[in-house]
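Peer 1: Just dropping this structure here.
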Amino acid sequence: MNKFKLRLYVTGKTAKSERAIANLKEICERDLKGLYELEIIDVLESPQLAENEKILATPTLIKDLPPPLKRIIGDLSNSEKVLLGLDLSPASDSDEQKEDTQ
Amino acid sequence: MTALKKHTGIEKIKTPGRRHGDEIRHRPYENTGIEKRVRYDQRGGIAGIEKIETGIEGFDMISEGGLPKGRTTLIAGTSGSAKTVFAVQFLAEGILKRDEPGVFVTFEEPPEDIRKNVISLGWDVEKWEQEGKWAFVDASPVVGEDRVIAGEYDLGALLARIEYAVKKIGAMRISMDSLGSIFARFSEAGLVRNELFKIAAAVKQIGVTGIITAERTEEYGDIARFGIEEFVADNVIILRNALEAEKRRRTMEILKFRGTSHQKGEYPFTVIKNTGIVAIPLSGIELKQRSSTVRISSGNAELDKICGGGFFRDSIILVSGATGCGKTMLSTEFASDAVKNGQRALILAFEESREQLFRNASGWGIDFEQMENDGILKVVCRYPEAEGLEDHLIIIKRVIMEFKPHRIVVDSLSALERVSTIKGFREFVIALTSFIKHQEIAGLFTSTTGELMGGTSVTEAHISTITDTIILLRYVEMFGEMRRGITALKMRGSMHDKDIREFNIDGKGMHIGKAFNNVTGILSGHPVFISTEEVDRMTELFK
């Protein structure tokens, strides 16, 4: 399996941020143990990074590797959707994706 | 707390010790749970809302000083109503005229597109970015972005980026363009509205003056889509691009400025190259022109006599007549008389080409070419259809500012009538005449009547009250011959000859002769010859 390179953008240490971090760690530990590299970026501390990456909404999880590049927005509480975004879910079919990305 | 007016419930403070920024301790709303915070200025009065000049020509006059300082104003308009131009210009003028840096938040077009699009308006955004005077916050959609929504989110990152950009360049102005697109990208309208409210509140707190643009679906309907006006409802400006009688007409209207004054109603504006938006404040023009009693020659000694000694130096003269009856002749003499006296003359021709005008003039022994080479005459020929009326006005104003003429000829004004609606035309004439009067120069406008004999034109009907002098040139049919008559119909502030006089045009110009004493009905277009005896009898009767 390919190595996952993930970046999570959050804004400040809010409950939503904490929730996103916890949810992500849980998913990674469960489904990607030892196969992932995670970087957490606080927009308040690195606004220029957010500007370069054109981050509007937080939390935003970016999957750089493996391709294709994906953005998963929200506190990642819907783990089914997260897996779908990471292309890990066997149920991932394109129709469903389209609906989500509206 | 002194002097509390109990009977009105309104508190009047006269305490001299009150300082700027103090809040009143007494709260008349105490029991209602409403806290009323009032800020005081140095003199103890309630601090008014300050405005900052936008630098947008004409707009500062309509808005009586610019946009409310430290607040956010909503600019709403349909697609193509120049919202983005307004948003960009607000920052551009700030940088150019007041050295105030600005942040541009773009939700729709990527920054590269904006940089490219505004170059033709004379704004080098890229240079300003390098100089640290302009910063983009790029919130435009990422092409081909693959997105999944998996839980709760907010737009905190956007707010953080805006705050960062403002701090980075020390911005005083911020433009956000345009909000519709962000609602299209995030399906939860309620959440987006709430987040935008936070952003508007944050912008207010930082103290920068902002504008937000938003789409409208109709020219006359809801202020904006998605209920955006609710959170920036303090100040609303509407830009319109309405279709009237097959012609596009741009107007702007300040719907409200909470707590401060502005001019009401719609004002025409235009977007022109190397300048951007130029608004035309009509009622903003004050009638404070000084009236001069200095007379100038019309270029024709006999006509001067009819007018009681010539035209006034800062008057507007309307010359009306059918095609070919001598209007251009009269205006040529008027212009060349200025030149003879060492004054500059400007001819704006909308009917004839340069070559035609020059040839006509040389036919009367006037050398326009030499005069132009001497820099004392300027002839500008344009097709009426080449621009909208607003653009014509701005071009004319510029030529006048640059050339600083003493006299202006517009030949003919009625040719401009066809490129606009009647309302637009009237506004144009008012704006032009008041501008000319402010410069204290004489303006001679010609107007072509539709009928050969008698009749009036739409132009006259709409501008006759604005003009100071009206000269009528009319064909008179007598004994199977077309003869020409001239009369001064109106000469504001002066006695004038009321006769209708006959005139001829030859190689030396216009010659005014005797009055048509025994003809009536010339102006109505039905001249009737009356025998001399009848005239004498009538004169006797009324003696």
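Peer 1: Would it be correct to say that A:L61 is open to solvent by less than 70 Å² (accessible area, probe 1.4 Å), in contact with a helix residue (DSSP H, G or I) (Cβ under 7 Å, 6 or more places away or on another chain) and either modelled with pLDDT of 85 or more or facing chain B (nearest Cβ under 9 Å) (or both)?
Peer 2: Considered against the rule, which asks whether it is open to solvent by less than 70 Å² (accessible area, probe 1.4 Å), in contact with a helix residue (DSSP H, G or I) (Cβ under 7 Å, 6 or more places away or on another chain) and either modelled with pLDDT of 85 or more or facing chain B (nearest Cβ under 9 Å) (or both), A:L61 comes out as yes.
Peer 1: Right, here's the next one. So which residues in the stretch B:407-421 are out of contact with any Gly (no Cβ under 9 Å at 6 or more places or on another chain), crowded, with 16+ Cβ neighbours inside 10 Å and not hydroxyl-bearing (S, T, Y)?
Peer 2: Listed by number, the residues that qualify are B:D411, B:L413, B:A415, B:L416, B:E417.
Peer 1: Same structure, new question: Every residue in the stretch B:356-385 that is under 29 Å from B:R418 (Cα atoms) and touching a strand residue (DSSP E or B) at 6+ places or on another chain (Cβ under 9 Å), please. Give the derivation first.
Peer 2: Let us first name the residues in the stretch B:356-385 that are under 29 Å from B:R418 (Cα atoms), namely B:356-361, B:368, B:377-385.
Scanning the stretch B:356-385 gives B:Q356, B:L357, B:F358, B:F368, B:L377, B:K378, B:V379, B:V380, B:C381, B:R382.
Peer 1: Still on this model: Among the candidates B:E351, B:E390, which residue alone is buried (at least 18 other Cβ atoms within 10 Å of the Cβ) and assigned to a loop (DSSP other than H, G, I, E, B)?
Peer 2: Working: B:E390 fails: assigned to a loop (DSSP other than H, G, I, E, B).
Unique residue meeting the criteria: B:E351.
Peer 1: For the stretch B:368-375, check the following and say yes or no: at least one residue is open to solvent by less than 20 Å² (accessible area, probe 1.4 Å), among the charged types (D, E, K, R) and within 16 Å of B:V409 (Cβ to Cβ). Outline the logic, then answer.
Peer 2: At the first step, the residues of the stretch B:368-375 found to be open to solvent by less than 20 Å² (accessible area, probe 1.4 Å) are B:368.
Then drop every residue that is not among the charged types (D, E, K, R), which leaves none.
Within the stretch B:368-375, none of the residues are open to solvent by less than 20 Å² (accessible area, probe 1.4 Å), among the charged types (D, E, K, R) and within 16 Å of B:V409 (Cβ to Cβ).
Peer 1: Shifting gears a bit: Condition first: open to solvent by 30 Å² or more (accessible area, probe 1.4 Å) and assigned to a helix (DSSP H, G or I). Can you find one or more residues in the stretch B:311-326 that meet it?
Peer 2: Of the stretch B:311-326, the ones open to solvent by 30 Å² or more (accessible area, probe 1.4 Å) are B:313, B:323-324.
Still in the list and also assigned to a helix (DSSP H, G or I): none.
No, the conditions are met nowhere in the stretch B:311-326.
Peer 1: Criterion first (modelled with pLDDT under 85 and open to solvent by less than 30 Å² (accessible area, probe 1.4 Å)) does B:F183 satisfy it?
Peer 2: Criteria met by B:F183.
Residue-wise test of (1) in a loop (DSSP other than H, G, I, E, B); (2) open to solvent by less than 10 Å² (accessible area, probe 1.4 Å); (3) modelled with pLDDT under 80.
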{"site": "B:K423", "(1), (2), (3)": "no, no, yes"}
{"site": "B:E427", "(1), (2), (3)": "no, no, no"}
{"site": "B:A431", "(1), (2), (3)": "no, yes, no"}
{"site": "B:F435", "(1), (2), (3)": "no, no, no"}
{"site": "B:F445", "(1), (2), (3)": "no, yes, no"}
{"site": "B:E451", "(1), (2), (3)": "yes, no, yes"}
{"site": "B:G455", "(1), (2), (3)": "yes, no, yes"}
{"site": "B:A461", "(1), (2), (3)": "no, no, yes"}
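Peer 1: I want to confirm something. Restricting to the stretch B:143-169 and keeping residues that are basic (K, R) and more than 7 Å from every other protein chain (Cβ to nearest Cβ), which single residue is surrounded by the fewest Cβ atoms within 10 Å (Cβ to Cβ)? Quick ask: steps written out before the conclusion?
Peer 2: Of all residues in the stretch B:143-169, those basic (K, R) come to B:147, B:161, B:167-168.
Restricting the remaining residues to those that are more than 7 Å from every other protein chain (Cβ to nearest Cβ) gives B:167-168.
On the way: B:K167: 13, B:K168: 15.
Checking each candidate, the answer is B:K167.
Peer 1: Still on this model: Is at least one residue of the stretch B:73-85 open to solvent by 20 Å² or more (accessible area, probe 1.4 Å), over 30 Å from B:Q130 (Cα atoms) and either modelled with pLDDT of 85 or more or in contact with a strand residue (DSSP E or B) (Cβ under 9 Å, 6 or more places away or on another chain) (or both)?
Peer 2: yes
Peer 1: Of all residues in the stretch B:354-367, which are of a type in the set (A, V, I, L, M, F, W, C) and open to solvent by 30 Å² or more (accessible area, probe 1.4 Å)? Quick ask: steps written out before the conclusion?
Peer 2: Going through the stretch B:354-367, the residues of a type in the set (A, V, I, L, M, F, W, C) turn out to be B:357-358, B:361, B:364, B:366.
Within the stretch B:354-367, B:F358, B:W364 qualify.
Peer 1: Turning to a different aspect of this structure: State whether one or more residues within the stretch B:90-102 are crowded, with 20+ Cβ neighbours inside 10 Å and within 12 Å of another protein chain (Cβ to nearest Cβ).
Peer 2: The answer is no; no qualifying residue exists.
Peer 1: Same structure again: Return the residues of the stretch A:64-80 that are buried (at least 22 other Cβ atoms within 10 Å of the Cβ) and touching a residue at least 40 places away in the same chain (Cβ under 8 Å); say none if nothing qualifies.
Peer 2: Those that are buried (at least 22 other Cβ atoms within 10 Å of the Cβ) and touching a residue at least 40 places away in the same chain (Cβ under 8 Å): A:G74, A:D75, A:L76.
Peer 1: All but one of (1) buried (at least 16 other Cβ atoms within 10 Å of the Cβ); (2) in contact with a strand residue (DSSP E or B) (Cβ under 6 Å, 6 or more places away or on another chain) hold for B:S494; which doesn't?
Peer 2: So the condition that B:S494 fails would be (2).
Peer 1: Output the residues belonging to the stretch B:55-71 that are in a strand (DSSP E or B) and surrounded by fewer than 24 Cβ atoms within 10 Å (Cβ to Cβ). First the steps, then the outcome.
Peer 2: Taking the stretch B:55-71 and keeping what is in a strand (DSSP E or B), we get B:67-68.
B:P68, the sole residue that qualifies.
Peer 1: Then there is this: Which of the residues spanning the stretch B:107-132 are among the charged types (D, E, K, R) and part of a loop (DSSP other than H, G, I, E, B)? Write out each step before concluding.
Peer 2: At the first step, the residues of the stretch B:107-132 found to be among the charged types (D, E, K, R) are B:108-109, B:112-113, B:115-116, B:124, B:126-127, B:129, B:131.
Passing the criteria: B:E108, B:E109, B:D124, B:E131.
Peer 1: Exactly one of (1) within 14 Å of another protein chain (Cβ to nearest Cβ); (2) open to solvent by less than 40 Å² (accessible area, probe 1.4 Å); (3) charged (D, E, K, R) is unmet by B:K198. Its number?
Peer 2: Evaluating B:K198 over (1) within 14 Å of another protein chain (Cβ to nearest Cβ); (2) open to solvent by less than 40 Å² (accessible area, probe 1.4 Å); (3) charged (D, E, K, R) leaves (2) as the failure.
Peer 1: Looking only at the stretch B:109-132, decide whether some residue is buried (at least 19 other Cβ atoms within 10 Å of the Cβ) and within 14 Å of chain A (Cβ to nearest Cβ).
Peer 2: No, every residue in the stretch B:109-132 fails to be buried (at least 19 other Cβ atoms within 10 Å of the Cβ) and within 14 Å of chain A (Cβ to nearest Cβ).
Peer 1: I'd like to know if the stretch B:483-491 contains one or more residues that are modelled with pLDDT under 80 and open to solvent by 70 Å² or more (accessible area, probe 1.4 Å).
Peer 2: As a first pass, look at the stretch B:483-491 and keep what is modelled with pLDDT under 80: none.
No, that holds for no residue.
Peer 1: Being among the hydrophobic types (A, V, I, L, M, F, W, C), within 13 Å of chain B (Cβ to nearest Cβ) and within 15 Å of the chain's Cα centre (by Cα) is the filter here; which residues of the stretch A:4-42 pass it? Break it down into steps so the answer makes sense when it comes.
Peer 2: The initial filter retains those residues of the stretch A:4-42 that are among the hydrophobic types (A, V, I, L, M, F, W, C), namely A:4, A:6, A:8, A:10, A:15, A:20-22, A:24, A:27-28, A:32, A:35, A:38, A:40-41.
Now narrow it down to the ones that are within 13 Å of chain B (Cβ to nearest Cβ): A:8, A:10, A:15, A:20-22, A:24, A:27, A:41.
A:L8, A:V10, A:A20, A:I21, A:A22, A:L24, A:I27, A:I41 - these are the residues of the stretch A:4-42 that are among the hydrophobic types (A, V, I, L, M, F, W, C), within 13 Å of chain B (Cβ to nearest Cβ) and within 15 Å of the chain's Cα centre (by Cα).
Peer 1: Within the bounds of the stretch B:278-287, is there any residue that is at pLDDT below 90, open to solvent by less than 10 Å² (accessible area, probe 1.4 Å) and small (G, A, S)?
Peer 2: yes
Peer 1: Would you be able to say whether some residue in the stretch B:514-524 is out of contact with any strand residue (DSSP E or B) (no Cβ under 9 Å at 6 or more places or on another chain), open to solvent by 80 Å² or more (accessible area, probe 1.4 Å) and either of a type outside the set (A, V, I, L, M, F, W, C) or at pLDDT 80 or above (or both)? Steps first, please.
Peer 2: Initial filter on the stretch B:514-524 (out of contact with any strand residue (DSSP E or B) (no Cβ under 9 Å at 6 or more places or on another chain)): B:517, B:524.
Narrowing the set further to residues that are open to solvent by 80 Å² or more (accessible area, probe 1.4 Å) leaves B:517.
Retained after the next criterion (residues that are either of a type outside the set (A, V, I, L, M, F, W, C) or at pLDDT 80 or above (or both)): B:517.
Scanning the stretch B:514-524, I find at least one residue that is out of contact with any strand residue (DSSP E or B) (no Cβ under 9 Å at 6 or more places or on another chain), open to solvent by 80 Å² or more (accessible area, probe 1.4 Å) and either of a type outside the set (A, V, I, L, M, F, W, C) or at pLDDT 80 or above (or both), so the answer is yes.
The values are calculated or read from the model by the stated rules, or taken from the named source; none is laboratory data. Treat the numbers as computed from the prediction; the structure is a model and nothing was measured. No Cβ is skipped: glycine too gets one built from the backbone with ideal geometry, and neighbour counts run over all protein chains shown. When the accessible area is computed, the model is the full protein with side chains, heavy atoms only, and any ligands, DNA or RNA have been set aside. Shrake-Rupley method; radii C 1.70, N 1.55, O 1.52, S 1.80 Å.
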